[in-house]
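K.L.:
Got a structure for you, written out below as structure tokens; questions coming shortly.
The values are calculated or read from the model by the stated rules, or taken from the named source; none is laboratory data. For clarity, every value in this text was computed on a predicted model and none was experimentally measured. Note that we place each Cβ from the backbone using ideal geometry, even for glycine, and neighbour counts take in every protein chain shown. Accessible surface is based on the protein model in full, side chains and every heavy atom, while ligands, DNA and RNA are left aside. Shrake-Rupley method; radii C 1.70, N 1.55, O 1.52, S 1.80 Å.
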Amino acid sequence: MLDVLVLISGSGSNLRALATAAAHEDYPARIVAVGSDGEASGLAHAEEFGIPSFVVDPGAFESRESWADELRAQIEAWNPDLIVCAGFMRILPAGFVRAFAPRIINLHPALLPRYPGAHAVRDALADGATVTGSTVHIVDEGVDTGPVLRQVEVAVASDDTEGTLHDKIKVIERPLLVATVAEIARGEINVKEYARA
Ligand code: GRF
């Protein structure tokens, strides 16, 4: 059984999808805890599924590094095998990444390496992309630059807005995340292969 800790900042629909899958006894991973950088609405999913949660608010710390040190301590208390960033809208400092890499993955709403950053859906539309999608990748010290594990494409319609396109991406990225975490749990994806030499 793979012990997963999920980090969120927002509505947590991907957290919910993972928690729903993990509630089935044949799913090979379980969520040991959920962490957030604020009072995210998605924490309600953790409560509903009986998953412990914690908040580490950067506003309460003098520096990004001291915030990340506390986040790291909270995470280590759960001793997870894998950290899943599912809509966690903070850049993790290099020291934090080094402490857990390559056991941190991120879900990103674009086909990386295209459209990294916080406005991936908007950027794809502004660029006139006809195809975009979602990526699960290993988190490294850059912003959305780590090795890609799995991707799924989504067609962009001519009348798509940022909202409609993001909704379409979310529909495909929830099963993508659930499937990728299962592959990691079964050893079909070996994240240790991505350890830096
Ligand atoms: C997803 O689109 C994910 O790719 C991005 O943030 C969004 C999170 O959505 N990083 P939700 O909070 O899981 O609904």
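K.L.:
Residues in the range 128-143 that are of a type outside the set (S, T, N, Q) and under 17 Å from residue 169 (Cα atoms): how many? Steps first, answer last, please.
P.N.:
Let us first name the residues in the range 128-143 that are of a type outside the set (S, T, N, Q), namely 128-129, 131, 133, 136-143.
Narrowing the set further to residues that are under 17 Å from residue 169 (Cα atoms) leaves 128-129, 131, 133, 136-137.
Here the count works out to 6.
K.L.:
Does residue 159 satisfy the condition of being out of contact with any Ser or Thr (no Cβ under 9 Å at 6 or more places or on another chain), within 11 Å of the ligand (Cβ to nearest atom) and charged (D, E, K, R)?
P.N.:
On the way: out of contact with any Ser or Thr (no Cβ under 9 Å at 6 or more places or on another chain): yes; within 11 Å of the ligand (Cβ to nearest atom): no; charged (D, E, K, R): yes.
Taking the combined requirement at face value, the residue does not satisfy it.
K.L.:
Quick one: residue 97 ticks every box in (1) of a type outside the set (S, T, N, Q); (2) open to solvent by 50 Å² or more (accessible area, probe 1.4 Å); (3) farther than 21 Å from residue 13 by Cβ bar one, so which box is it?
P.N.:
Going through the list (1) of a type outside the set (S, T, N, Q); (2) open to solvent by 50 Å² or more (accessible area, probe 1.4 Å); (3) farther than 21 Å from residue 13 by Cβ, residue 97 breaks only (2).
K.L.:
To continue, here is another question. Only residues that are surrounded by fewer than 16 Cβ atoms within 10 Å (Cβ to Cβ) and either in contact with a Cys (Cβ under 6 Å, 6 or more places away or on another chain) or farther than 18 Å from residue 84 by Cβ (or both): list them for the range 123-144, please.
P.N.:
Step one: of the range 123-144, the residues surrounded by fewer than 16 Cβ atoms within 10 Å (Cβ to Cβ) are 126-128, 130-131, 142-143.
Matches in the range 123-144: 126, 127, 128, 130, 131, 142.
K.L.:
Any residue in the range 79-97 that is over 16 Å from residue 6 (Cβ atoms) and within 16 Å of the ligand (Cβ to nearest atom) sitting within a Cβ distance under 7 Å of a residue that is open to solvent by 20 Å² or more (accessible area, probe 1.4 Å) and β-branched (Val, Ile, Thr)? List the pairs, counting only those 6 or more apart or interchain.
P.N.:
91/143
K.L.:
Kindly indicate the residue of the range 104-114 that is in a loop (DSSP other than H, G, I, E, B) and in contact with a helix residue (DSSP H, G or I) (Cβ under 6 Å, 6 or more places away or on another chain) and also farthest from the ligand (Cβ to nearest atom) among those meeting that condition. Full working, then the answer.
P.N.:
At the first step, the residues of the range 104-114 found to be in a loop (DSSP other than H, G, I, E, B) are 109-114.
If we keep only those that are in contact with a helix residue (DSSP H, G or I) (Cβ under 6 Å, 6 or more places away or on another chain) too, we end up with 109-110.
Details: 109: 4, 110: 8 Å.
Residue satisfying both the conditions and the ranking: 110.
K.L.:
Out of the range 152-197, which residues are in a loop (DSSP other than H, G, I, E, B), in contact (Cβ under 8 Å) with a residue 60 or more places away in the chain and open to solvent by 70 Å² or more (accessible area, probe 1.4 Å)? If you could, list the steps in order and put the result at the bottom.
P.N.:
At the first step, the residues of the range 152-197 found to be in a loop (DSSP other than H, G, I, E, B) are 156-161, 186-190, 195-197.
Retained after the next criterion (residues that are in contact (Cβ under 8 Å) with a residue 60 or more places away in the chain): 186, 195-196.
Listed by number, the residues that qualify are 186, 196.
K.L.:
Let me ask something else about it. Would you please name the residue that is farthest from residue 164 (Cα to Cα), looking only at residues in the range 100-122 that are touching a Leu at 6+ places or on another chain (Cβ under 8 Å) and open to solvent by 10 Å² or more (accessible area, probe 1.4 Å)? Step through it out loud before you land on a result.
P.N.:
Let us first name the residues in the range 100-122 that are touching a Leu at 6+ places or on another chain (Cβ under 8 Å), namely 103-105, 107, 121.
Pick out the ones that are also open to solvent by 10 Å² or more (accessible area, probe 1.4 Å) and you get 103, 107.
Numbers: 103: 32, 107: 18 Å.
That would be 103.
K.L.:
Given the conditions (1) without any contact (Cβ under 8 Å) to a residue 40 or more places away in the chain; (2) within 16 Å of the ligand (Cβ to nearest atom), which single one is not true for residue 12?
P.N.:
For residue 12, the failing item is (1).
K.L.:
On to the next question. Could you grab me the full set of residues in the range 134-151 that are in contact with a strand residue (DSSP E or B) (Cβ under 8 Å, 6 or more places away or on another chain) and touching a residue at least 40 places away in the same chain (Cβ under 8 Å)? Steps first, answer last, please.
P.N.:
Step one: filter the range 134-151 for residues in contact with a strand residue (DSSP E or B) (Cβ under 8 Å, 6 or more places away or on another chain), giving 134-139, 144, 146-151.
If the condition is that a residue be in contact with a strand residue (DSSP E or B) (Cβ under 8 Å, 6 or more places away or on another chain) and touching a residue at least 40 places away in the same chain (Cβ under 8 Å), then 134, 136, 138, 139, 146, 147, 149, 151 are the ones that fit.
K.L.:
Also, quick follow-up: Please give the number of the condition residue 149 fails out of (1) part of a loop (DSSP other than H, G, I, E, B); (2) open to solvent by 10 Å² or more (accessible area, probe 1.4 Å); (3) at pLDDT 95 or above.
P.N.:
(1)
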